[in-house]
Every structure is written in C-alpha cells, then in structure tokens.
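For reference, the structure is listed below as structure tokens.
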Amino acid sequence: MLFLRLWRRRDGAVTIAARCVVRVFFTVTLMPDLLILTAFIPTFFFVSVTPGMAMTLAMSTGMSIGMRGALWMSLGELTALGMVSTCAAVGVATLMLNFPAAFLAFRIVGGLYLLYLGWQLWHSRGKLAVAGQSRGPVVPAQLMRQGFITAAANPKGWAFHAVLLPPFLDAGKPFLVQWPVLLFLILLIEFLCLMLYAVGGRSLGQFLNSHGRIRLLNRISGALMALVGIWLMLG
C-alpha cells in the first residue's frame with residue numbers, strides 16, 4: 001500500500017512537471033520573441049503618440065466633455081483599430097487599398113459628419129457643447145461612432161499597418177497564437193496615448209471653464225473636431 005501511494009505521488013509529480021514543460025514550450029516557441037517585442041513596443045508607441053486625427057479627436061473630446069466622453073470615444077476608435085490591424089495582419093488591408101473609391105466615399109461621409117459636429121460646437125449647439133459651468137453630456141453611441149469613423153476611414157492607417165505589421169509576424173509560428181499578444185499591445189499603447197491627449201484636453205477645458213470662457217472652449221473644441229473632419233476628407 002505504501003509503495004502504491006508513493007508511486008501515485010510520483011506519477012502526479014511527473015504529470016505536473018510535464019504540464020509545466022508543455023506550457024513553457026508553447027510560451028517560448030509560439031508567442032512572439034522577446035527581441036521582436038522590444039522592437040515592436042517602442043515602434044508602435046512613437047507612431048501612436050505622434051499627433052494625428054485620433055489624438056486630436058481625443059483632446060477635443062476631453063476638452064468639451066471630459067474623461068468619460070473620451071473613454072467612450074476611445075472605445076469606438078480602438079474597435080476600428082483592432083479591425084484595421086487584424087485585416088492588415090491577414091493581408092486584407094492590401095486588398096482594401098486597391099479600391100480607393102470606397103475609401104474616398106467613406107472618408108467624405110465621415111469627414112462631413114465630423115465637420116457638422118464641429119460646426120455645432122463652434123456655435124455652442126448640439127449635445128456635445130458645453131453649457132453653463134457644466135461639461136457637455138456623455139452620449140456613448142455618438143462618441144463611439146466618432147472614434148470608429150475616424151480610425152476606420154483613415155487610409156493612411158490601413159496602409160501603415162499593412163506595411164509595418166507583417167515584419168513582426170513569424171511565419172513559422174501559428175498566427176492565432178502570436179497575433180492576440182501583438183493586438184493587445186497595439187490597443188493598449190493606443191489607449192494610453194489617447195488618454196494622455198484626453199487628459200491634456202480636459203486640463204485646458206477646466207482652465208477655460210473656470211475663467212468663464214465657455215464660448216471659447218466650445219469654439220476650440222469645434223475647431224479641433226472640424227480639423228479632424230477636413231483631415232479625414234483630404235486623406
């Protein structure tokens with residue numbers, strides 16, 4: 001009996017050790033290499049933190065609505081970014097770029113929509129405008145739509161990911177194992193940069209609001225949003 005108990009304990013220990021070996025094997029051989037990640041993270045950080053349409057929109061939203069509004073806008077932007085990145089990683093982005101007419105129509109519609117919102121803010125109208133000493137109300141669907149359109153309708157984003165992502169993918173490893181790690185890092189880096197710009201916009205908005213310059217606050221926010229719309233249409 002004692003021998004059987006010792007044998008079972010030994011068998012259990014071997015099983016645990018085998019599981020650990022398998023986990024280490026999959027982690028080391030299938031996930032992205034550490035060398036790739038050390039190049040991937042700073043590359044995408046500097047690309048994300050560079051002022052662009054999404055960051056300008058985050059600053060405008062943080063200024064007029066605050067961090068809650070910026071969070072909803074970021075959710076829409078990150079959803080589109082995840083779609084664009086995944087399509088680029090599997091090669092769909094290259095195919096999409098061969099149909100510029102579709103991109104042009106999407107960009108014009110999205111740009112006009114943002115221009116309309118910017119015009120409303122400039123004239124202190126609409127749901128996003130600041131009224132009195134309080135910030136504009138948070139409208140999740142509208143904010144998510146703004147973020148999604150800004151990211152999805154940007155052809156430079158598609159082209160950039162189509163060119164930059166493939167070198168970081170190891171053809172010798174399963175795509176479904178390594179891609180979730182890279183996608184998580186892309187979205188995390190983008191989210192942190194969006195929040196950085198939103199905090200800056202909120203601070204400026206609080207300063208203007210505290211000094212009674214509400215109309216100026218709306219006009220700055222509207223001008224930034226209109227700038228994103230023009231930027232989007234010009235491609």
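General observations
- When A152 is tested against the conditions (1) modelled with pLDDT under 80; (2) closer than 18 Å to G52 by Cα, the lone failure is (1).
- S48 passes every criterion in (1) under 14 Å from L196 (Cα atoms); (2) touching a His at 6+ places or on another chain (Cβ under 9 Å); (3) not hydrophobic (A, V, I, L, M, F, W, C) apart from (2).
- So A198, is it within 30 Å of A39 (Cβ to Cβ) and modelled with pLDDT under 75: no
The values are calculated or read from the model by the stated rules, or taken from the named source; none is laboratory data. Since the model is a prediction, treat every value here as computed from it, not as a measurement. Using ideal geometry, Cβ is built from the backbone for each residue, glycine included, and neighbour counts are taken over all protein chains shown.
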